[in-house]
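Note sheet for the following structure.
Nothing in this text is a laboratory measurement; each read-out follows from the coordinates by a stated rule. None of these values were measured; they are calculated from a predicted model. For neighbour counting, all protein chains shown are included, and Cβ atoms are generated from backbone atoms with ideal geometry for every residue, glycine included.
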Amino acid sequence: LDGVCAHLGRHMERRRAEELALSLAATQARLAANREEMVGMVSHELRNPLGAIRSYSETLLDDPHLSDEQRHLAEVIDRRSAHMQHLVDDLLDLARLEAGQLHIDPQPISAARLVREAVQAQQPAAAAKGLTLTMEVPRHLPVHADPVRLRQVLDNLVTNAVKYTPGGGTVAVTAHLTAGEEGDAVIEVADTGIGVPPDEYDRLFDRFFRASNAVRNGTKGTGLGLAITKAIVDAHGGSVSAAPVPAGGSVFAVTLPVAAD
Ligand code: ADP
């Protein structure tokens, strides 16, 4: 009898475990479907109207007969809607990345041009703040990466470095190939900026996380850029890290697989 009871007990435990696994899978599928629905909803209900607002504000700004006040108001509409557009795009990217729906198409490319473009794009912002933005990158930096997404990663890191470095400071972008048969390409963005409190470095890549010193000094941000950066780099089989610079400031390093010749 004991044997039969033990057998029945095991049988029921297995049944229960199977039922639990099934209901867990159903819950996960429901969550994934909800997320997909949310992404679709956000893109249509927010993204499209924002696009319309921006194109109308640009049309308004083109009108040479605007009074100073009208121009000022149109500029505010344009700036604020551009900011919201950015935020919505970031939220969409993050949701898609987490749902495995963001299309990433890694191919053999030279990252040097992308680094150069990302640095050039930030030169005006750096100059306006009185920052020195330098670049030292080998002419050929063969990586296996999606050019659009890698540019997004570089834009995020260089923009942050410029944003979190006060006037008079320096932002230096460098790159090199590591030695060894299966070498990597490493791109580093170092700054002499406000840095990050030591115990907060490991949370920098969490979504919505903003370091306490950045919040305190009033720099605007969403805490989404680095989460997206990490998700993109991870999807390439690479890695991204942040560390303090001894002289003050921080350095962000992206490591990517080198493209085979
Ligand atoms: P955002 O800049 O919009 O807040 P990010 O996800 O790009 O969002 O960055 C997350 C946080 O990491 C920032 O809020 C800031 O606290 C910190 N951070 C990022 N880059 C730097 C940097 N170069 N120097 C100092 N802190 C930084």
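Determine the principal axes of the Cα atoms in the chain, then give the extent along each, sorted from largest to smallest and rounded to whole angstroms.
92, 53, 41
Which one, L114, L94, H140, is farthest towards the positive end of the dipole of the stretch 37-156 when Lys and Arg carry +1 and Asp and Glu -1 on their Cβ?
Most positive-ward Cα: H140.
Would you please put 244-254, 60-70 in order of how densely packed they are, using the mean number of other Cβ atoms within 10 angstrom per residue and starting with the highest?
The packing order, highest mean first, is 244-254, 60-70.
Under the Karplus relation 6.51 cos²θ - 1.76 cosθ + 1.60, θ = phi - 60°, what is the ordered set of whole-Hz ³J(HN,Hα) values for the stretch 122-130, x standing for Gly and Pro?
9, 4, x, 5, 5, 4, 4, 8, x
Hey, got the dipole for the chain? About the Cα centre, +1 on K and R Cβ, -1 on D and E Cβ, debye to the nearest 20?
In total the dipole reaches around 380 debye.
Under a crude label model (7 Å from the Cα following the beta-carbon direction), how far is L8 from S43 in nanometres?
Rounded to a tenth, the inter-label distance reads 5.5 nm.
From the phi angles alone, apply the Karplus equation (6.51, -1.76, 1.60; θ = phi - 60°) to the stretch 155-162 and give each ³J(HN,Hα) in whole Hz, x where the residue is Gly or Pro.
Whole-Hz 3J(HN,Hα) from phi for the stretch 155-162: 4, 4, 5, 6, 4, 4, 4, 5.
What is the Cα centroid distance between the stretch 202-250 and the stretch 103-155, reported in whole angstrom?
18 Å
Quick check on packing: order 126-134, 47-55 by the mean number of other C-beta atoms within 10 Å, highest mean leading.
126-134, 47-55
Computed over the Cα atoms, what is the radius of gyration of the stretch 123-165 divided by 2.2 N^0.38 Å, N being its residue count? Please list the in-between numbers first.
Details: Rg = 12.4 Å, N = 43, 2.2 N^0.38 = 9.2 Å.
Output field value: 1.35.
Before rounding to the nearest 500, sum -39500 (n - 2.57) across all DSSP H runs of length at least 4 in the chain and divide by the residue total; then give [θ] at 222 nm in deg cm²/dmol. Don't skip to the end; give the middle numbers.
On the way: 7 runs with 138 residues, N = 261.
It lands at -18000 deg cm²/dmol.
Hey, what D do you get for the stretch 143-227 in µm²/s if you plug the Kirkwood alpha-carbon radius into Stokes-Einstein at 20 °C and 1.002 mPa s?
For the chosen part, D equals 148 µm²/s.
In debye to the nearest 20, how big a dipole does the stretch 156-261 give about its Cα centre with +1 on each Lys and Arg Cβ and -1 on each Asp and Glu Cβ?
Values: 7 positive and 11 negative charges, 151 e Å.
Computed about the Cα centre, the dipole is about 720 debye.
Using the Cα centre as the reference, give the magnitude of the dipole from point charges on the C-beta atoms of the stretch 54-156 (Lys, Arg: +1; Asp, Glu: -1; all else neutral), rounded to the nearest 20 debye.
Its charge dipole is roughly 440 debye.
Which residue, V158, V148, V233, tops the fluctuation ranking in a GNM of the chain built on C-alpha contacts under 10 Å?
Maximum fluctuation in the GNM of the chain, among the listed residues, is at V148.
D105: net charge of surrounding residues, Cβ under 9 Å, Lys/Arg +1, Asp/Glu -1, itself excluded?
In short, 0.
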